[in-house]
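The values are calculated or read from the model by the stated rules, or taken from the named source; none is laboratory data. As the structure is a prediction and not an experimental result, all values here were calculated from the model. All Cβ positions, glycine included, derive from the backbone under ideal geometry; neighbour counts span all protein chains shown.
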Amino acid sequence: MNVQDDVKGVMRLMRDVLGVVVWIVATTWLGGRMLWRLGVLVSRSPRLLAQTARCPRGHTVPLYGVFRCASCHAQLEGYVFRPCRFCGSTPSWTPCPRCSLGVGNPLR
């Protein structure tokens with residue numbers, strides 16, 4: 001064996017070790033992001049499953065019923081924050097029927 005083969009072997013080993021370290025860090029980062037997003041979703045679950053919401057003034061806003069799509073103005077029935085069957089847009093808010101203040105989509 002000569003010195004060049006030893007240097008190439010050490011460089012190959014360092015590259016492999018660096019690759020493993022990068023993989024571990026990236027996997028840990030992605031797992032942490034997934035756990036954070038799951039925690040946010042679980043913390044919002046009471047609002048996701050609610051039949052009504054409250055506007056900033058405290059009025060009750062029904063989340064199920066007949067509503068109008070903000071993009072294509074189609075008349076729809078169902079969950080207000082569901083994507084429109086016709087244009088595919090998902091509303092980020094809905095107006096309070098009493099005071100017209102916005103109530104945000106709990107998924108956003």
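Hey, does the stretch 16-36 have a residue that's basic (Lys, Arg) and modelled with pLDDT under 95? No, the stretch 16-36 has no match at all. The single condition among (1) part of a loop (DSSP other than H, G, I, E, B); (2) among the aliphatic types (A, V, I, L, M); (3) farther than 30 Å from residue 102 by Cβ that residue 18 does not meet is (1).
Scan the stretch 49-65 residue by residue and report those that are in contact with a Leu (Cβ under 7 Å, 6 or more places away or on another chain) and not hydroxyl-bearing (Ser, Thr, Tyr). Spell out how you get there, then give the answer.
Looking only at the stretch 49-65, we keep the residues that are in contact with a Leu (Cβ under 7 Å, 6 or more places away or on another chain), and these are 50-53, 55-57.
Residues satisfying the conditions are 50, 51, 53, 55, 56, 57.
Applying the criterion of being surrounded by 12 or more Cβ atoms within 10 Å (Cβ to Cβ) and aliphatic (A, V, I, L, M) to the residues of the stretch 40-49, the residue that is nearest to residue 66 (Cα to Cα) is 48.
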